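Undergrad: Can you keep this structure in mind? I'll have questions shortly.
The values are calculated or read from the model by the stated rules, or taken from the named source; none is laboratory data. It should be emphasised that the depicted structure is a prediction, and the values quoted were computed from it without experimental measurement. Because the Cβ atoms are built from the backbone with ideal geometry, glycine has one as well, and the counts that use them run over all protein chains shown.
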Amino acid sequence: MKLLLTGVSGLLGINFAQEMMDQHEIIGADRGKLRNAPFKVLKHDLLEPDAVESLLDKAQPEALVNCAALADLEACEDDLSLAKRLNTDLPRRLARACKSRGIPFVHISTDAVFDGQKDGFYSEEDPPSPPGAYSKTKLDGEWAVLTENPKAIVARVNFYGWSLGGKRSLAEFFYNNLTNNKSMSGFTDVIFCPMLVNDTARTLVKMLQRGLKGLYHLVGPQAMSKYQFGVEIARRFSLRESEITPKSVNFSGLIAKRSNNLWLSTRKLSTDLGEDLPAFSTGLDEFYTQYEQGYPQKIRGYQQL
Ligand SMILES: NC(=O)c1ccc[n+]([C@@H]2O[C@H](COP(=O)([O-])OP(=O)(O)OC[C@H]3O[C@@H](n4cnc5c(N)ncnc54)[C@H](OP(=O)(O)O)[C@@H]3O)[C@@H](O)[C@H]2O)c1
């Protein structure tokens, strides 16, 4: 399949491309960060007028996965207009263009559309209640995509992995601090369902291949606190878990409001795929194997310095 990935320099985009480039023809769209990538890269600022049509004309993809976003919660609070343009208006334009060209479209959304006040196990039927600028603009993006293009896949995700800049994911935060013997906090009252980003990519491709459409939760099948996640990273890398201090998010000093319980049910997706989603432990083992095999250095070598 000829797959076009927008936001290919991001955490999901780069790992998706790396994961799939041996089995599929990957074309990535970036804003100029990538130089040595082993797949085709087209340079586009997707907020420029006509960028979407021009990208599709050049790439002629058989499917498009939209990984581009303003995914930094604090940046969304600081610049709501940019957050709307990237998280709501761009997905709408991509969904519309893909529909008119008959190109299957996957849009990536977030678990954070829920405010986390319920006891968790949110299903796709639960009403979303986004707590901040990021989650509000992402939720509007979901509605925009499914209104324009009901055959699109909208996947609410949460993932971790190795990133181009080495700091994008929560796993890297814990790994970087632990290896530098720096103390850090882990929130005990923020629950989420982390999935290795390579598992996210593999599952998204299966969803495309099986012709799924509509809204899905695509997160890890195991819920845990961010503190517990840090401890799991420390244990897998044989680092000192005692460097991680359990803390409440209420004392974090972060401005953008976080949801407390983002335990999402993935029953709909596993039923429609006819298989269980990848377990947390196998993802963590793969994350560690990637580290042993120099995967982080390999993907970082793709960027323009
Ligand atoms: N990380 C998570 O755990 C998580 C959790 C829930 C949902 N998500 C969702 O998953 C998706 C991917 O997230 P991520 O963590 O991979 O995000 P990321 O690392 O911040 O990557 C965002 C990507 O969007 C690109 N982009 C931004 N503005 C652009 C523009 N004007 N034109 C073209 N490209 C532009 C960025 O390019 P530059 O590199 O040039 O800035 C980058 O490649 C997002 O939809 C996010 O909301 C992520």
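Undergrad: Would you mind stating whether residue 60 is buried (at least 16 other Cβ atoms within 10 Å of the Cβ), more than 9 Å from the ligand (Cβ to nearest atom) and either in contact (Cβ under 8 Å) with a residue 12 or more places away in the chain or at positive phi (or both)?
TA: So residue 60 fails the test.
Undergrad: Does residue 202 satisfy being out of contact with any strand residue (DSSP E or B) (no Cβ under 6 Å at 6 or more places or on another chain), surrounded by fewer than 17 Cβ atoms within 10 Å (Cβ to Cβ) and farther than 16 Å from residue 275 by Cα?
TA: Here the answer is no, as residue 202 does not meet what is asked.
Undergrad: Sticking with this structure for a sec: Under the condition of being small (Gly, Ala, Ser) and within 15 Å of residue 235 (Cα to Cα), which residue from the stretch 143-193 is farthest from the ligand (Cβ to nearest atom)?
TA: Filtering first and then ranking leaves 186.
Undergrad: From the list 225, 248, which one is over 21 Å from the mean Cα position of the chain (by Cα) and either of a type in the set (Ser, Thr, Tyr) or buried (at least 22 other Cβ atoms within 10 Å of the Cβ) (or both)? Show your work before the answer.
TA: Working: 225 fails: over 21 Å from the mean Cα position of the chain (by Cα).
Testing whether each residue is over 21 Å from the mean Cα position of the chain (by Cα) and either of a type in the set (Ser, Thr, Tyr) or buried (at least 22 other Cβ atoms within 10 Å of the Cβ) (or both) leaves just 248.
Undergrad: For the stretch 28-41, check the following and say yes or no: at least one residue is near the ligand (Cβ under 8 Å from one of its atoms) and either part of a helix (DSSP H, G or I) or in contact with a helix residue (DSSP H, G or I) (Cβ under 7 Å, 6 or more places away or on another chain) (or both).
TA: Scanning the stretch 28-41, I find at least one residue that is near the ligand (Cβ under 8 Å from one of its atoms) and either part of a helix (DSSP H, G or I) or in contact with a helix residue (DSSP H, G or I) (Cβ under 7 Å, 6 or more places away or on another chain) (or both), so the answer is yes.
Undergrad: Related question: Here are some conditions: (1) over 24 Å from residue 151 (Cα atoms); (2) small (Gly, Ala, Ser); (3) in contact with a helix residue (DSSP H, G or I) (Cβ under 7 Å, 6 or more places away or on another chain). Residue 238 meets all but one. Which one does it not meet?
TA: In the conditions (1) over 24 Å from residue 151 (Cα atoms); (2) small (Gly, Ala, Ser); (3) in contact with a helix residue (DSSP H, G or I) (Cβ under 7 Å, 6 or more places away or on another chain), residue 238 misses (3) alone.
Undergrad: While we're looking at this one, here's another question. Kindly provide the set of residues from the stretch 61-85 that are out of contact with any strand residue (DSSP E or B) (no Cβ under 7 Å at 6 or more places or on another chain) and more than 18 Å from residue 163 (Cβ to Cβ), ordered by number.
TA: 76, 77, 78, 79, 80, 81, 82, 83, 84, 85
Undergrad: For residue 103, indicate whether it is under 26 Å from residue 272 (Cα atoms), in a loop (DSSP other than H, G, I, E, B) and hydrophobic (A, V, I, L, M, F, W, C).
TA: When the stated conditions are applied, residue 103 passes them.
Undergrad: Could you please give the count of residues in the stretch 108-128 that are modelled with pLDDT of 95 or more and in a loop (DSSP other than H, G, I, E, B)?
TA: Number of matching residues: 7.
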